[in-house]
Every structure is written in C-alpha cells, then in structure tokens.
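One structure is given here, and the rest of the page talks about it.
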Amino acid sequence: MKISKKAQSVPASMTLEITAKVKQLKSEGKSIIGFTAGEPNFDTPDYIVNSAKEALDKGITKYTPVAGMPELKVAICNKFEKDNGLIYEPSQIIVSNGAKASLYHAVYALCDDGDEVIIPAPFWFTYEEQVKLCGGVPVIVETKPENEYKITASELENAITDKTVLLMLNSPCNPTGALYTEQELTELAKVCEKHGLAVISDEIYEKLIYGEQKHVSIASISSYMKENTVVINGVSKTYAMTGWRIGYLAAPKQVASAINRVQGHTTSNACSFAQYASITALNGKEDVVESMRKAFDERRKYMMKRLDDLSIKYVEPNGAFYMFVDITPFIGKAYNGNVISGSMDFANFLTECGVAVIPGLPFHADSYVRLSYAVAMEDIEEGFNRIASFISMLK
Ligand SMILES: Cc1ncc(COP(=O)(O)O)c(C=O)c1O
C-alpha cells in the first residue's frame, strides 16, 4: 500500500520511543531509572476516579455535543475567569481528546498551506509536526540562555514576514520550564498587534509553578490579544489525568465555531465519562493539586543541588516538571572509546549506565538533555548516583 508523503514525513515521537526502549530494557531484567516521563507519577486522585465510576453507573456513556458537555464548558469558563481573569461564553470553549488534539484542531483552523508559524526553540516537538501536517511552514526562532530561552519582542519581530500568521507560545515551557512574565508578554503582544498575528498559547503546565512568579495568559494582556489568541489547557498534567484524554481550548467565537466543525469530522466528542470526571476535577480540591506541586518542587530543588554538585549547568525551571541540562562540556568526550557527538549519543551511552533521559535534538537543542522530575525521589537519588559515575567515566 502507498503511504502518503504527509505521513512519511512525520517522525515517530522520540519520547514515546525512548519510553518504550526503557520498558523493554526493564523487561529484560536491566535496572533503568527513567527521567523521561511527561506525566505525573501520581495516581489520579480518588474523588476524580469515583466521579467517573458514578458517570458510568448513571449511564453517561453516549455521545455528547462535539465541543463538550455543557456543564464541563461552564466549569472551564469559571476556571478561566478565576485563574486568568478571562471571560468566555461556553460557545467559545471546545473540549478535545487531550490538549494535543486541541492544539492540532486550532492549528488546522488557523493555518493555510504556506502560512508561516513562528515557534520559539527549544520547543515541544509536536508543534513543528502539527504545523507541517496542516500545510504550514514552521519558522524556528532560536532563543538565548541569557533570556531563559524565552523569545523576545525583537526576536519575534525579526522573524515576521508577510506570510506569518501565527506564534506558538508555551508558558510554562516544555522542555525548559521557562515562565513568561507579564512584562515580557506585554512586549510580545505589542508586536503581535502591530503585525496582525494570532497566538496559540499552550498553558497546560499553568498550575505547576515554583517560586514567586505568577502565570499570566497572553490572552489577558489586551483586548487585541483576547480576540486573537487560542488558549490551550487541559486536565492531564494538573490532575494526573494523562490517560483520560481531556484537553480544552478557548477562542474567539468564529474561531471556536471553525474548530468545532473540524473536530466534528475528526474525533467528535471526547470520552463522555472522562468529561464528567473533569467537571469534578475542575470544580474540586485545589489542595490535591498543591500537594503534587509541592512534591515536584522538592524534587526540582534536589535535582538542582545534585547538578550544582556535579558543576553541570541547567536552566532553572520556574514551571512544568523538567530540568533542561546543558551537556556542552561532555560533547567531544568519549565513553568507552566512543565519542559523544551530541545529545543522542549522550542519552544512548547514559542508558548503558542505567539512566534514561530525553535528548535535546528534537527540541532543537542538541547540547541539552531533558530530565523529568515527575519521578519518585528515591529514583532521582539513585539516578543521580549513576549519572555521577557515568560522567566520571568520560575521557
Ligand atoms: C507543552 C505540552 N502541551 C500539550 C501536551 C499534551 O497534553 P495532553 O496529554 O492533554 O494531550 C503536552 C504533553 O506532553 C505538553 O508537554
């Protein structure tokens, strides 16, 4: 059978491939500590699980409206008002099969063939592939460590051409953990307004923030941004619900209506009883989220200390649950006689020493690797002992 050119051009998800490799090595009896997880290592809280059981008992197992259950859309509107100061009507909300589907449908609705989409690097690799699948042209803008890998207004302006339609923004960011300040967003918003750009703002890690800085949505910066931003969010990371596949977006009315039409021919509604449980999650106990956040923060601090002890540089993350670790000093060194030429080699050789990490290459940062701290503390401790011994073996 012929495989389409579009499908042929899509690479496999490296995170999923590495996760599969780790599983395979474990099943062969090897001891591997995986810093690869893109999901909390906590179970979904009981009260949310019970709510899904209740939905099943009540027979909530049929189609829902394509854009989601009305009660869930109301809960999402309330969340946007409470957390972001953004007032939306339920008709502006679309619930999808995970934030990934929300993102894809939003890009599909906003991007014509040949349209340019600016993606600040390092970035979550799905953005680039989704833009390509939708016929757009990803324009990758390298950001700088001195700006904590956040795109500046002048970097954005320099990347704009008469074909640019969209900026993909991710705060807090996967993989760097960078969190944009209100001032930085205000400056970016001015450039967007000047050039008539729309923004897709992925805020899935909004609730996982450490330190004093607050999360701000670019949609709340000005009336122009409210009218030209699609905000993406979901329950996956905040409530440890990655398998439930519930993401959502808020958009200007005509955009939401276009996305609704697109989704009506792709996935249709998201799972009915997962939607029901998401109402409980969104209306529920914030202390559960807070206790997970605190655990991540503890691990984040521990990992920074271990990296400092090894004199390894990293981007201090203010959000999400990833450490972006600079491996520049190890590139060119050899492990068992094999030269490390970049992040792929580093990650491969480290796996032989019992630790799995995600190479920076697919994030557009080949001198970095990403370590998740959505990992149990005892594994982090042992993982760092192994990293220390791996590094001592490099010549
Ligand atoms: C930045 C970012 N956006 C979106 C998603 C997808 O979330 P979901 O599991 O809800 O599809 C992820 C998952 O890793 C992510 O890292």
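The values are calculated or read from the model by the stated rules, or taken from the named source; none is laboratory data. It should be emphasised that the depicted structure is a prediction, and the values quoted were computed from it without experimental measurement. A quick note on method: Cβ atoms are made from the backbone with ideal geometry, for glycine too, and the neighbour counts reach across all protein chains shown. Accessible surface areas use protein heavy atoms only, side chains included; no ligands, DNA or RNA. Shrake-Rupley method; radii C 1.70, N 1.55, O 1.52, S 1.80 Å.
Counting the residues of the range 12-40 that are surrounded by 11 or more Cβ atoms within 10 Å (Cβ to Cβ) and assigned to a loop (DSSP other than H, G, I, E, B) gives 9. Of the listed requirements (1) within 16 Å of the ligand (Cβ to nearest atom); (2) touching a Ser or Thr at 6+ places or on another chain (Cβ under 8 Å), A106 misses just one: (2).
For the range 125-146, does any single residue satisfy the condition of being of a type outside the set (S, T, N, Q), in a helix (DSSP H, G or I), within 13 Å of the ligand (Cβ to nearest atom) and open to solvent by less than 20 Å² (accessible area, probe 1.4 Å)? Checking the range 125-146: at least one residue is of a type outside the set (S, T, N, Q), in a helix (DSSP H, G or I), within 13 Å of the ligand (Cβ to nearest atom) and open to solvent by less than 20 Å² (accessible area, probe 1.4 Å).
Any idea which residue in the range 327-374 is farthest from A178 (Cα to Cα), counting only those that are more than 27 Å from the chain's Cα centre (by Cα) and in a strand (DSSP E or B)? My answer is N338.
Checked against (1) without any contact (Cβ under 8 Å) to a residue 40 or more places away in the chain; (2) surrounded by 23 or more Cβ atoms within 10 Å (Cβ to Cβ), N338 meets all criteria but (2). Only one of the listed residues (E28, E39) is on the phi < 0 side of the Ramachandran plot and free of Cβ contacts under 8 Å to residues at least 60 places away in the same chain. That residue is E28. When you check N318 against the structure, is it within 17 Å of E148 (Cβ to Cβ) and crowded, with 16+ Cβ neighbours inside 10 Å, yes or no? Criteria met by N318.
Based on what the data block shows, is V289 buried (at least 21 other Cβ atoms within 10 Å of the Cβ) and not charged (D, E, K, R)? Answer is no for this residue. Within the set A159, A178, the sole residue that is away from the ligand (no atom under 16 Å from the Cβ) and open to solvent by less than 50 Å² (accessible area, probe 1.4 Å) turns out to be A159.
Filtering the range 95-113 for residues that are in contact (Cβ under 8 Å) with a residue 24 or more places away in the chain and part of a loop (DSSP other than H, G, I, E, B) leaves a non-empty set. Only one of the numbered conditions (1) away from the ligand (no atom under 15 Å from the Cβ); (2) surrounded by 20 or more Cβ atoms within 10 Å (Cβ to Cβ); (3) within 17 Å of T242 (Cβ to Cβ) is violated by D43, and that is (2). Of all residues in the range 80-103, those satisfying the criterion of being within 12 Å of the ligand (Cβ to nearest atom) and open to solvent by less than 40 Å² (accessible area, probe 1.4 Å) are V95, S96, G98, A99, A101, S102, L103. Pick from K53, K30, K79, K23: which is basic (K, R) and in the same structural domain as V131 (by TED's automatic domain parsing)? From the options K53, K30, K79, K23, the qualifying one is K79. Screening E203 on (1) open to solvent by 10 Å² or more (accessible area, probe 1.4 Å); (2) within 16 Å of the ligand (Cβ to nearest atom); (3) among the acidic types (D, E) shows it passes everything except condition (1). If you check K6 against the conditions, is it touching a residue at least 24 places away in the same chain (Cβ under 8 Å), assigned to a helix (DSSP H, G or I), within 24 Å of the chain's Cα centre (by Cα) and more than 29 Å from E382 (Cβ to Cβ)? So K6 fits the description; yes. Within the range 247-267, one or more residues are within 16 Å of the ligand (Cβ to nearest atom), under 23 Å from P65 (Cβ atoms) and open to solvent by 20 Å² or more (accessible area, probe 1.4 Å).
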